[in-house]
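The values are calculated or read from the model by the stated rules, or taken from the named source; none is laboratory data. Keep in mind the model is a prediction, meaning the values are calculated, not measured. No Cβ is skipped: glycine too gets one built from the backbone with ideal geometry, and neighbour counts run over all protein chains shown. Remember, those area values only see protein heavy atoms, side chains included, never the ligands or the DNA or RNA. Shrake-Rupley method; radii C 1.70, N 1.55, O 1.52, S 1.80 Å.
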Amino acid sequence: MKRRLLYLLTLVAALGGVSSCVQDGYNLEDVNKEGAFSHDNGILLQIGSLDTISFDLQAELPIPVDVEYTEPVRGLFSDEMFDYFVYDNKGREEPLGDISFEADFIAGINDAEGKLFSDINLSTKILNENGEDTGISVENQTFKANISTPQPYVVKIKKDDVLKLKGARLLELTFSFQTRQVELSDYALIENINVKLSGGVKIAL
């Protein structure tokens, strides 16, 4: 039992540094800018989807154990995107409003009940290019592992924290759950990402 547990935890640690990214990357010149830019409606940008996150830990245990899986996502933040969230106030950058990244979370867990797969707790951190926390507080979210339909995933950034996005480069996702088995086919997917900015000024695109 101890050997199996050690094997599982070793695999978790080894796979914790695997990197994901936005599918095919993105450029603000290419994203859909049909959302409204106005003081009343703010901004809406459609970004796309993250790469599929595979929980590739093939071990079977008699009882569920705690598993923590960390996935750094690259390519979501850029200086170009940051410039859309601020305006110049006499040489000083000021935030336009609150920001939210809204997407669909898909839990692709095969036979979750049979594996005694618990709910999936997802914590999110926004890091700079050196892997340091930007200090932006993001609420943890919990998702049902036995539901295959989309569940809402939201990262809210308050107006007071928007300036901390300058230099942001990584979205660090940490999945925590209990299970007695994880198969190669088990995965999580975050897709249909929309960026919404409340308030702001009219911008011609």
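If you check residue 60 against the conditions, is it over 18 Å from residue 192 (Cβ atoms), at pLDDT below 90 and over 22 Å from the mean Cα position of the chain (by Cα)? Steps first, please.
On the way: over 18 Å from residue 192 (Cβ atoms): yes; at pLDDT below 90: yes; over 22 Å from the mean Cα position of the chain (by Cα): yes.
So residue 60 fits the description; yes.
Got a number for residues in segment 101-122 being open to solvent by less than 30 Å² (accessible area, probe 1.4 Å) and not in a loop (DSSP other than H, G, I, E, B)?
Within segment 101-122, the first condition is being open to solvent by less than 30 Å² (accessible area, probe 1.4 Å), and the residues that meet it are 101, 103, 105-109, 112, 115, 117, 120, 122.
Subset that is not in a loop (DSSP other than H, G, I, E, B): 101, 103, 105-108, 120, 122.
Of the residues in that region, 8 qualify.
What do you reckon, is residue 148 open to solvent by 80 Å² or more (accessible area, probe 1.4 Å) and farther than 30 Å from residue 87 by Cα?
It is true that residue 148 is open to solvent by 80 Å² or more (accessible area, probe 1.4 Å) and farther than 30 Å from residue 87 by Cα.
Please verify whether residue 137 is over 29 Å from residue 60 (Cβ atoms) and assigned to a loop (DSSP other than H, G, I, E, B), treating the condition exactly as stated.
Details: over 29 Å from residue 60 (Cβ atoms): yes; assigned to a loop (DSSP other than H, G, I, E, B): yes.
Yes: the conditions hold for residue 137.
For segment 148-191, what are the residues that are more than 19 Å from residue 61 (Cα to Cα), assigned to a loop (DSSP other than H, G, I, E, B) and among the charged types (D, E, K, R)?
Matches in segment 148-191: 158, 166.
Among 84, 69, which is the only one that is at pLDDT below 85, among the hydroxyl-bearing types (Ser, Thr, Tyr), surrounded by 15 or more Cβ atoms within 10 Å (Cβ to Cβ) and over 16 Å from residue 169 (Cβ atoms)?
Just a single option satisfies the conditions, and that option is 84.
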